[in-house]
1. Quick one: is residue 60 touching a helix residue (DSSP H, G or I) at 6+ places or on another chain (Cβ under 7 Å), in contact (Cβ under 8 Å) with a residue 24 or more places away in the chain and more than 17 Å from residue 120 (Cα to Cα)?
2. Taking the criterion of being touching a helix residue (DSSP H, G or I) at 6+ places or on another chain (Cβ under 9 Å), within 21 Å of residue 70 (Cα to Cα), modelled with pLDDT of 95 or more and outside any helix (DSSP H, G or I), would at least one residue in region 173-183 satisfy it?
3. For residue 147, all conditions in the list (1) without any contact (Cβ under 8 Å) to a residue 40 or more places away in the chain; (2) surrounded by 23 or more Cβ atoms within 10 Å (Cβ to Cβ) hold save one; what is the number of the exception?
4. Please verify whether region 145-168 includes one or more residues that are more than 30 Å from residue 318 (Cβ to Cβ) and either at pLDDT 95 or above or not in a strand (DSSP E or B) (or both).
5. Could you tell me whether region 279-291 includes any residue that is within 26 Å of the chain's Cα centre (by Cα), modelled with pLDDT of 95 or more and part of a helix (DSSP H, G or I)?
6. Any residue at all in region 117-139 that's touching a residue at least 12 places away in the same chain (Cβ under 8 Å), part of a loop (DSSP other than H, G, I, E, B) and more than 19 Å from residue 190 (Cα to Cα)?
7. Name the single residue, out of those in region 95-121 being in contact with a helix residue (DSSP H, G or I) (Cβ under 6 Å, 6 or more places away or on another chain) and under 15 Å from residue 33 (Cα atoms), that is surrounded by the fewest Cβ atoms within 10 Å (Cβ to Cβ).
8. Please determine whether any residue of region 301-315 is within 27 Å of the chain's Cα centre (by Cα), surrounded by 12 or more Cβ atoms within 10 Å (Cβ to Cβ) and part of a loop (DSSP other than H, G, I, E, B).
């Protein structure tokens with residue numbers, strides 16, 4: 001399909017003027033392919049369509065981008081925003097994936113950015129492919145939205161005992177880009193043997209004591225946080241993360257200060273400021289928290305600089321398991337097309353599949369190299 005034909009087709013599917021599509025095509029509208037499935041990715045908002053929207057060109061099907069969720073700084077905002085009852089769900093530490101089925105009955109897994117990830121698609125198919133096909137045959141206009149978690153993925157590595165190396169937990173269902181009542185998700189997951197994120201409590205919107213108990217328990221268990229929802233999705237959800245995860249994220253991000261560090265740092269410090277205020281943390285408890293924060297900022301960054309001074313790569317390492325060699329090749333083509341710098345090493349073959357170590361070189365590697373070579377700071 002040539003560029004002009006693609007532009008015309010997108011204009012028709014999206015209902016947007018051809019000149020708008022032609023201006024964006026190849027820039028903020030990216031054309032991709034997966035196993036013969038041609039699709040377009042919106043890399044920014046376009047008209048009424050969100051960033052991360054995927055358009056399956058042959059099916060003329062729009063998979064709307066998942067809506068952003070407002071982050072709470074203070075739990076006192078819950079009764080101001082919600083209507084009456086709230087559902088408190090666990091916010092799992094992984095990556096957002098929408099799942100749909102093409103007209104050719106192919107299950108595809110789409111990342112938050114709008115790309116069909118070959119690795120995620122292969123793993124979800126192996127776990128739940130038949131069940132998802134059955135579910136979306138009955139609920140044909142619905143898109144599943146969930147969290148991939150576990151230690152075997154190329155995006156967010158965090159151990160969940162209940163997930164093993166890789167699992168998929170559905171948190172929402174969407175139709176025409178709109179979030180559906182939670183009972184639809186619960187009905188689908190129960191009927192077809194799929195998993196959904198843990199539901200931790202159903203509370204009155206003003207029961208902040210009960211809500212804090214839930215969050216305190218998650219903090220003690222070193223979990224990420226909560227998403228607070230209206231059961232009918234009459235108002236948008238809210239999200240809130242624990243003190244533990246805010247500091248842990250800073251610690252992880254500061255391993256690569258010129259990559260994640262800057263983006264991770266300030267937003268999470270603001271969250272901590274509000275938590276100290278709302279929980280009235282004072283005295284020795286505040287001193288301990290401040291010490292934890294300082295160590296999380298400084299120690300991993302210094303350790304990375306020491307590693308680079310010894311000639312070692314500053315790279316994020318991921319352990320992946322591909323069900324087949326074809327799945328591995330699909331993924332390698334995918335990251336090459338996206339321009340991802342990575343070193344891939346096959347470490348073994350087992351009954352589970354091809355076990356691979358993936359190393360993604362970080363910008364911090366180059367910045368630290370220049371600092372060590374010249375003594376100059378890359379920042380003013």
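1. So residue 60 passes the test.
2. Yes - at least one qualifying residue is present in region 173-183.
3. (1)
4. Taking every residue of region 145-168 in turn, none turns out to be more than 30 Å from residue 318 (Cβ to Cβ) and either at pLDDT 95 or above or not in a strand (DSSP E or B) (or both).
5. Looking for residues that are within 26 Å of the chain's Cα centre (by Cα), modelled with pLDDT of 95 or more and part of a helix (DSSP H, G or I), one finds none in region 279-291, hence no.
6. Checked against the condition, which is being touching a residue at least 12 places away in the same chain (Cβ under 8 Å), part of a loop (DSSP other than H, G, I, E, B) and more than 19 Å from residue 190 (Cα to Cα), region 117-139 yields at least one hit.
7. In this case the residue turns out to be 107.
8. Taking every residue of region 301-315 in turn, at least one turns out to be within 27 Å of the chain's Cα centre (by Cα), surrounded by 12 or more Cβ atoms within 10 Å (Cβ to Cβ) and part of a loop (DSSP other than H, G, I, E, B).
The values are calculated or read from the model by the stated rules, or taken from the named source; none is laboratory data. Just so we're clear, the structure is a prediction, and the values are computed from it rather than from any experiment. A quick note on method: Cβ atoms are made from the backbone with ideal geometry, for glycine too, and the neighbour counts reach across all protein chains shown.
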